[in-house]
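Inspection log for the structure reproduced underneath, given as structure tokens.
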Amino acid sequence: MEEKDTSSSGTTTSATAATAPANTTEPNGATKDAAAVVEHVATDRVIPMATDEPSSSYSMLEPRMKKVYGAYYKELYYTPERRVLDPKVQELISIAASLVAKCEGCIDGHIKKALALGTTKEEISEAICIAAAISAAAMIDLSDRTAARLGLNHFPNTRKQSE
């Protein structure tokens, strides 16, 4: 999801620039731009924000549900001591999932974070291709199920089954 943060007072604030160092170097040598990668910071913020711009996002969620979502999101993305996946792998999965879910804000945020973590354009391209393959497979699956329900078989398999 796109990183969003709403403080308990209801105003929107950024968790990046004021709380994280300007740049850090990862163990693999990649430079991480802290302004692009929101660091986990112990605050009363509910949902991490990527910008200071006002947002109507999450406006339909009651405060307790924002807290539940925010806690889940922070646990997943901002609790490094509990992380099993490498952050780059996590972002590549997030890119593919965001594409399949058609979440524009998610795609923007996760591509920015992936780039800041040193992910290559080839790695991002592969994640995009995986998402495309999964989406195509879902269409085939849905049309196969529809064909079965409707008794259709427009292009039957004519290959002989060998034992």
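The values are calculated or read from the model by the stated rules, or taken from the named source; none is laboratory data. Keep in mind that what you see is a predicted model, and the values were worked out from it rather than measured. Using ideal geometry, Cβ is built from the backbone for each residue, glycine included, and neighbour counts are taken over all protein chains shown.
Some values worked out for this structure:
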{"quantity": "Pick from the range 122-163, criterion among the β-branched types (Val, Ile, Thr) and over 25 Å from the mean Cα position of the chain (by Cα), ranking: farthest from ASP86 (Cα to Cα)", "calculated": "THR158"}
{"quantity": "Qualifying residue in the range 122-143 (condition: part of a loop (DSSP other than H, G, I, E, B) and not polar (S, T, N, Q))", "calculated": "no"}
{"quantity": "Residue satisfying condition, being within 22 Å of SER135 (Cα to Cα) and either surrounded by 15 or more Cβ atoms within 10 Å (Cβ to Cβ) or not assigned by TED's automatic domain parsing to the domain that holds LYS121 (or both), within set LEU92, LEU61", "calculated": "LEU92"}
{"quantity": "Count of residues meeting criterion [surrounded by fewer than 16 Cβ atoms within 10 Å (Cβ to Cβ), over 13 Å from the mean Cα position of the chain (by Cα) and in a helix (DSSP H, G or I)] in the range 95-121", "calculated": "1"}
{"quantity": "Lone qualifier among LYS67, LYS102 - being outside the structural domain of ILE134 (by TED's automatic domain parsing) and among the charged types (D, E, K, R)", "calculated": "LYS67"}
{"quantity": "Members of the range 145-163 that are assigned to a helix (DSSP H, G or I) and surrounded by fewer than 12 Cβ atoms within 10 Å (Cβ to Cβ)", "calculated": "ARG145, THR146, ALA148, ARG149, LEU150"}
{"quantity": "Scope the range 72-124; condition of a type in the set (Lys, Arg), modelled with pLDDT of 95 or more and either more than 18 Å from SER57 (Cβ to Cβ) or in contact with a Pro (Cβ under 6 Å, 6 or more places away or on another chain) (or both); matching residues", "calculated": "LYS88, LYS121"}
